[in-house]
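Asker: Quick one: this structure, given as structure tokens, is what I'll be asking you about.
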Amino acid sequence: MAVGRLYDKLKRRWGITSSVQVGLILTVFAVTGSTTMYLYRYLRQWLGIDGAPLVFRIVAFVLVTLPLYNVLLVFWGTVLGQGRFFRQFVWRFLARLLRRANSRPKDGPSE
């Protein structure tokens with residue numbers, strides 16, 4: 001019964017009506033994460049950063065996987081019939097990310 005309540009909570013949060021849609025959306029998230037990590041392994045070799053310092057590898061990971069993940073999210077969402085949901089999801093994510101980047105004080109904290 002707990003799974004049913006979780007599905008109902010996700011349906012309300014995401015503004016959808018079908019439990020099938022919830023299942024498809026969760027599947028898209030799972031497949032996207034797996035695909036991103038699979039492709040990153042090859043991109044890491046292609047970029048030649050395997051022997052780089054840890055800090056550089058972490059920065060490269062974020063800079064490569066963030067856009068890749070968002071593109072793949074829309075791709076897999078479209079393949080599984082949830083493209084509209086994921087296009088809106090990615091736009092909301094990017095808007096929040098940009099809003100946070102623009103809201104930082106330029107001269108440090110004001111007192």
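The values are calculated or read from the model by the stated rules, or taken from the named source; none is laboratory data. Given the structure is predicted, the values throughout are model-derived calculations rather than measurements. Using ideal geometry, Cβ is built from the backbone for each residue, glycine included, and neighbour counts are taken over all protein chains shown.
Asker: Which ones in the range 23-41 are under 13 Å from the mean Cα position of the chain (by Cα), among the hydrophobic types (A, V, I, L, M, F, W, C) and under 26 Å from LYS9 (Cβ atoms)?
Answerer: ILE25, LEU26, VAL28, PHE29, ALA30, VAL31
Asker: Within the range 25-63, track down each residue that is under 28 Å from VAL79 (Cα atoms), charged (D, E, K, R) and either in contact with a Leu (Cβ under 7 Å, 6 or more places away or on another chain) or surrounded by fewer than 13 Cβ atoms within 10 Å (Cβ to Cβ) (or both).
Answerer: Hit for the range 25-63 is ARG41, nothing else.
Asker: A further question follows. Condition test on LEU72, is it in a helix (DSSP H, G or I), farther than 14 Å from PHE93 by Cβ, modelled with pLDDT of 90 or more and among the hydrophobic types (A, V, I, L, M, F, W, C)?
Answerer: So LEU72 fails the test.
Asker: Another one. Which residue, of THR65, THR36, THR32, is hydroxyl-bearing (Ser, Thr, Tyr), in a helix (DSSP H, G or I) and touching a residue at least 40 places away in the same chain (Cβ under 8 Å)?
Answerer: Checking each option against the conditions leaves just THR32.
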